Amino acid sequence: MSAPNYSTVNYDMFVLIGIPGLRELHMWISIPFCLMYLVAVAGNGILIYVVAVERSLHEPMYLFLSLLAFWDLILSTSTVPKALSIFWFDDVDISFGGCVTQLFFMHFAFVVESGILLAMAFDRYVAICYPLRYTTILSHGVIGKIGGAVVLRGFATVFPIVFLVKRLPFCRTNIIAHTFCEHMGLAKLACADITINIWYGISVPLLSVMLDMVTIVVSYGLILRAVFRLPSHDARMKALSTCGSHVCVILMFYLPGIFTVIAQRFGRKIPKHVHILLANLYVLVPPMMNPVIYGVKTKQIRERVALVFSSKGKYC
């Protein structure tokens, strides 16, 4: 029997089948997914609005937090609505262009968020180690430049993936066993050499996200050294409490991602549907929890949210 001739076919439509093996449970799975997404949209939307309208929150920490909230919305919105349409309406078709757009914004948001977390670590470092120069070092102009540099780095890092994917011919199958498109999941369907895609997919997290993680750890090492040199116990506790929310958000962002990567690389015995559920939770849980964590642990945000909505209630 002759080998199949793949050169005569090049798919421009793909099929996202959702969570393989759990198709009959799609409707039930969609309920927590939808609730988490609504909480993420509402929480991050409220956070952005409150920081925007309250001049007292126009400080570096809150401005960086509003940036994180914005990119949380991009990360979750780039994937979850399509997953819900698969669960609810069996809307499994996605064009090649739509697939590339989805994977670009998902990876773009991920790299940008990592950079914002690094910027927030730098903010805490300056606030604790150089408190008298805090407003001078982190002026609004500097914050704008940091934010622009983070977004530019994310774009420059991820945009080549678009060309790496677009150059590939897809002629074996157009079925993607997932709820959304991601770089290597799509590249593995190609009937061509994907060595460049593999190496780029490895180098991007190593050169960007891993570097951010190492720098954050170093910055917190310097912060702890400065904190434990403070003379009073109350001063040390106050300094540490200002970092508590940020540390929680860092753990929420990096630990699930690290676990997901390890599971994909080494967990060959883990069922496919577990990998996909983990990937979906990764784009849902951090965007949902970040505003909750900051709302619970940051007194200024709680007070301003209550003030904004209580003042609006008076006019209703």
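For the reader, a short list of remarks on this structure follows.
- Any hit, segment 15-35, residues being buried (at least 21 other Cβ atoms within 10 Å of the Cβ), at pLDDT 95 or above, in contact with a Leu (Cβ under 7 Å, 6 or more places away or on another chain) and within 19 Å of L281 (Cβ to Cβ): no
- When G201 is tested against (1) over 30 Å from M61 (Cα atoms); (2) modelled with pLDDT of 90 or more; (3) not hydroxyl-bearing (S, T, Y), just one condition goes unmet, and that condition is (2).
Yes/no matrix, rows are residues, columns are (1) farther than 30 Å from G97 by Cα; (2) surrounded by fewer than 17 Cβ atoms within 10 Å (Cβ to Cβ); (3) β-branched (V, I, T):
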{"site": "A127", "(1), (2), (3)": "yes, no, no"}
{"site": "L132", "(1), (2), (3)": "yes, yes, no"}
{"site": "G148", "(1), (2), (3)": "no, yes, no"}
{"site": "H178", "(1), (2), (3)": "no, no, no"}
{"site": "P205", "(1), (2), (3)": "no, no, no"}
{"site": "M213", "(1), (2), (3)": "yes, no, no"}
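- Taking the numbered list (1) farther than 22 Å from A121 by Cα; (2) open to solvent by 50 Å² or more (accessible area, probe 1.4 Å) in turn, Q102 passes all entries but (2).
- Residue within segment 156-176 that is in contact with a helix residue (DSSP H, G or I) (Cβ under 8 Å, 6 or more places away or on another chain) and within 30 Å of C243 (Cβ to Cβ) present: yes
- Residues that are assigned to a loop (DSSP other than H, G, I, E, B) and crowded, with 16+ Cβ neighbours inside 10 Å, drawn from segment 156-174: L168, F170, C171, N174
- Qualifying residue in segment 90-98 (condition: more than 22 Å from the chain's Cα centre (by Cα), surrounded by fewer than 18 Cβ atoms within 10 Å (Cβ to Cβ), among the hydrophobic types (A, V, I, L, M, F, W, C) and closer than 25 Å to D12 by Cβ): yes
The values are calculated or read from the model by the stated rules, or taken from the named source; none is laboratory data. What you are looking at is a predicted structure, and each value in this text was computed from that prediction instead of being measured. All Cβ positions, even for glycine, are placed from backbone atoms using ideal geometry, and neighbour counts span all protein chains on display. Calculation scope for accessible area: heavy atoms of the full protein, side chains included, ligands and nucleic acids excluded. Shrake-Rupley method; radii C 1.70, N 1.55, O 1.52, S 1.80 Å.
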